[in-house]
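Below: the structure, in structure tokens.
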Amino acid sequence: MIPRTRRGMTLLEVIVALTIAGIALAAGASVLGFLTDQQTRAIADSVARSASVRESLRQWIADAELGTAGDVRFVGARIVEPGRGSYSSLDFITNAPTPVAAGGDAHTRVRLMLTGDSKIVAVLSALPAGETIELPIADSVSAFDVRYRGSISREARWLDSWTSSSVLPAVAEVRIHAKADGLLALPLVILVGERR
């Protein structure tokens, strides 16, 4: 008698194979859903942080003040360094709420600067003599540009620097180019001082 060779799969083998494939697909779908949720959360957190940073910068600069005795200065400078290009720094006094001073007659010296490791930080010092903290603003920054427009000049043009103890700029435009943050790259145009 000639032995008979078996061809194909039995119905039971097909059902088992389909069951195993279905379980694997269900597990893969749940992992994919989890990863998508994590990515969505990370994007939402980044957008919320960027919006918070933009609002803090807007409020601090909008509430900038000068002293009546001329002892307080608004200093916005363009710094040029070989090999690093140009970038801005900004130093002013604000009466806006900050992590070191809030409410009433609280004032804070705000220094915005680009560090050597391509980060923008805000050094906040409560006045007259109080707590000082360094607050990170943005990481992996390729450019930090602030320009100013005056209100007393006949010639309407943007200036790269503004230093004064008697006159605030009318408008400041802040641009931060951070590699991982597109929302910060949008220009932030702020009416300065009491011009709101």
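Here are the numbers for the structure shown:
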read-out: Conditions (1) closer than 16 Å to residue 162 by Cα; (2) surrounded by 18 or more Cβ atoms within 10 Å (Cβ to Cβ): number failed by residue 78; value: (2)
read-out: Of all residues in segment 135-164 being at pLDDT 85 or above and small (Gly, Ala, Ser), the one that is most open to solvent (accessible area, probe 1.4 Å); value: 161
read-out: Hits in segment 97-109 - residues which are closer than 14 Å to residue 57 by Cβ and either aromatic (Phe, Trp, Tyr) or surrounded by fewer than 21 Cβ atoms within 10 Å (Cβ to Cβ) (or both); value: 97, 99
read-out: Top-ranked residue in segment 110-119 [being out of contact with any helix residue (DSSP H, G or I) (no Cβ under 9 Å at 6 or more places or on another chain) and in contact (Cβ under 8 Å) with a residue 24 or more places away in the chain; ranked as least open to solvent (accessible area, probe 1.4 Å)]; value: 114
read-out: Whichever residue in segment 1-54 is in contact (Cβ under 8 Å) with a residue 24 or more places away in the chain and of a type in the set (S, T, N, Q) and, among such residues, is farthest from residue 135 (Cα to Cα); value: 46
read-out: Filter result (open to solvent by less than 50 Å² (accessible area, probe 1.4 Å) and farther than 30 Å from residue 127 by Cα) within segment 28-69; value: 28, 33, 46
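The values are calculated or read from the model by the stated rules, or taken from the named source; none is laboratory data. This one's a predicted model, so the numbers in the text were calculated from it and none came from an experiment. We place every Cβ from the backbone using ideal geometry, glycine too, and count neighbours over all the protein chains shown. For the accessible areas, the whole protein counts, side chains as well, though only heavy atoms, and no ligand, DNA or RNA atoms are used. Shrake-Rupley method; radii C 1.70, N 1.55, O 1.52, S 1.80 Å.
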